[in-house]
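Shown next, in structure tokens, is the structure this report addresses.
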Amino acid sequence: MILRALLLCWCIPFAANAANVGQTPPALTGMDLQSGQAVDLDALHGRVVLVDFWASWCAPCLKSLPLYARLRDEFPRADFEIIAISVDEDAADAQAFLKRVDVQFPIVHDDGSRASAWSPPGMPSSFLIDRQGLIKSRHIGFKPGDIDALRDEVRTLIEASHAP
Amino acid sequence: MRRDRVALLLLLAFLLGACATTPVQPWERGRLARWDMRFDPDPLKSALKEHTRFSKEGSSGRAGAAGGGCGCN
């Protein structure tokens, strides 16, 4: 009995929740840093959604966000949307960063709760969600060459699945 | 006997707990990513200082033996 309790205590830290491929993502709501409008992942059900975790101190994010902005413009808004979550401690850092890059998609500043729920394994990390609301893939880190594979993945998801 | 076993298990649990760490998560590395947290926050300044020291104090062999400390290399 005592041994079981000890084993359970040992396992608890490893049982942290995370957004895993094939599962329903954790709830994601917030306010767009740029427009002030409400953002809700559930409201985008039926679209392919890319959820990207980024920070102003993350060097690859300087490259990924402008490329994501271009990718978003390649598809109809009814089919594809991007939500970017800034994990900066200070929202002002994220806003200063956004003055340097032209990004029109919703940016939500995180107080740590969203990152804890989604558990992005690196910075940046992105999660691609299909029309049915399931996480189809997870991308860790970013190189400019990655955008082509991501574009193909988004196109495949848009064409393969339709809103129920 | 039973009490000894419980004490041993508690001791083991305590030792196991002592090994526990709270790793810094990827989204918590903002402070660690600051330039002034780097081991060498200003590589250019360090290179200039190192070159001066290398030229002036080469004879002492500080950064490898080179020159005689005349400041001319």
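Please treat every number below as a calculation from the coordinates, not as lab data. Computed from a predicted model, the values in this text were never measured in an experiment. Because the Cβ atoms are built from the backbone with ideal geometry, glycine has one as well, and the counts that use them run over all protein chains shown.
Quick look at the values:
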read-out	value
A:ASP93 paired with A:ARG77, simple spin-label distance in nm, labels 7 Å along Cα-to-beta-carbon	3.1
Where the Cα pairs of region A:109-164 fall when distances are cut into 5 Å bins, in %	4, 16, 23, 21, 18, 14, 4, 0
Amide H contacts under 5 Å for A:HIS109, placed H, 5+ residues apart	A:MET31, A:LEU33, A:SER86
Long-range amide H partners of A:VAL48 with built H, under 5 Å	A:PHE80, A:GLU81
Amide N of region A:108-150 lying under 12 Å from the label point, which is placed 7 angstrom from the Cα of A:THR29 along Cα→Cβ	none
Global geometry of region A:24-160, whether rounded, prolate or oblate, following the gyration tensor of its Cα atoms and the 1.5 cut on a/c	rounded
For residues of B:20-29, the mean tally of beta carbons on other chains within 10 Å	6
